């Protein structure tokens, strides 16, 4: 009984896959963040239309959605790890992690909406 | 009941090895970045909405309070990135001994500090 409950609230159920996913997504996140930071550093006085055209190109949109999905998965695993380490009562822990997961889903949808209305 | 027995573990009374501090900061910075995702999405949305909103956002980022928040966000992000690269290196078997783990932890602290400083110079 206890085992069943534990496996349900563990949500991912596969630590080895989590480990691999966390590393693969981290690479995607790192490349995107370094690209964007580098872009902003090398375009110090960027104006709207140049910025918009970057986000309108198909390649960068694909990259951005890939980033959003990686961010969601990476944050899911990371926040799950933190929450399971520091929140003892199972009901509060489950509520917190579910709120986090719902928020992450909402961020992805919001992000895609931002990209496609740019 | 014996009143002399230890009542609680007060975490701040311990002296932590550098590797433990680097590790817990990786968690703290990750959680902090997570909390600021909506702010960043909002900034992205207004930067792409229209030339007017783009200019408004630029004006808003000139505000010292907003600059501070952005700097804290970028600091946490860059720290998380640098500490994450150390994790990846260890996963490939690089620097797994206690000595090299301590050295790479210090390297993370120093490199992150330099990047955070440069980010501050860039923003101000």
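The values are calculated or read from the model by the stated rules, or taken from the named source; none is laboratory data. Remember, it's a predicted structure, so these values are computed and weren't measured experimentally. Cβ: placed from backbone, ideal geometry, glycine included. Neighbour counts: every protein chain shown.
Take residue A:85 and tell me if it is under 22 Å from residue B:88 (Cα atoms) and at pLDDT below 95.
Yes.
It is to be established whether one or more residues within the range A:34-51 are surrounded by 14 or more Cβ atoms within 10 Å (Cβ to Cβ), within 11 Å of chain B (Cβ to nearest Cβ), more than 19 Å from the chain's Cα centre (by Cα) and assigned to a helix (DSSP H, G or I).
There is at least one residue in the range A:34-51 that is surrounded by 14 or more Cβ atoms within 10 Å (Cβ to Cβ), within 11 Å of chain B (Cβ to nearest Cβ), more than 19 Å from the chain's Cα centre (by Cα) and assigned to a helix (DSSP H, G or I).
Exactly one condition in (1) surrounded by 14 or more Cβ atoms within 10 Å (Cβ to Cβ); (2) not in a helix (DSSP H, G or I) is false for residue B:9; which is it?
The number of the failed condition is (1).
Among what's in the range B:44-95 and is farther than 24 Å from residue A:113 by Cα, in contact with a helix residue (DSSP H, G or I) (Cβ under 9 Å, 6 or more places away or on another chain) and outside any helix (DSSP H, G or I), pick the residue that is farthest from the other protein chains (Cβ to nearest Cβ).
Result: B:95.
I'm trying to understand the selection: among the residues of the range A:88-114, which are facing another protein chain (nearest Cβ under 10 Å) and either more than 22 Å from residue A:24 (Cβ to Cβ) or modelled with pLDDT under 95 (or both)?
Correct list: A:103, A:106, A:110, A:113, A:114.
Answer with yes or no whether residue A:78 is surrounded by 18 or more Cβ atoms within 10 Å (Cβ to Cβ) and either more than 9 Å from chain B (Cβ to nearest Cβ) or farther than 18 Å from residue A:116 by Cα (or both).
yes
Report every pair of residues separated by at least 6 positions or lying on different chains whose Cβ atoms are under 7 Å apart, first residue within the range B:77-99 and over 20 Å from residue A:71 (Cβ atoms), second at pLDDT 90 or above.
B:86/B:104; B:86/B:108; B:91/A:23; B:95/B:89; B:95/B:101; B:95/B:104; B:96/B:90
Over 26 Å from residue A:75 (Cα atoms) and either part of a helix (DSSP H, G or I) or modelled with pLDDT of 95 or more (or both) - does that describe any residue in the range B:103-115?
yes
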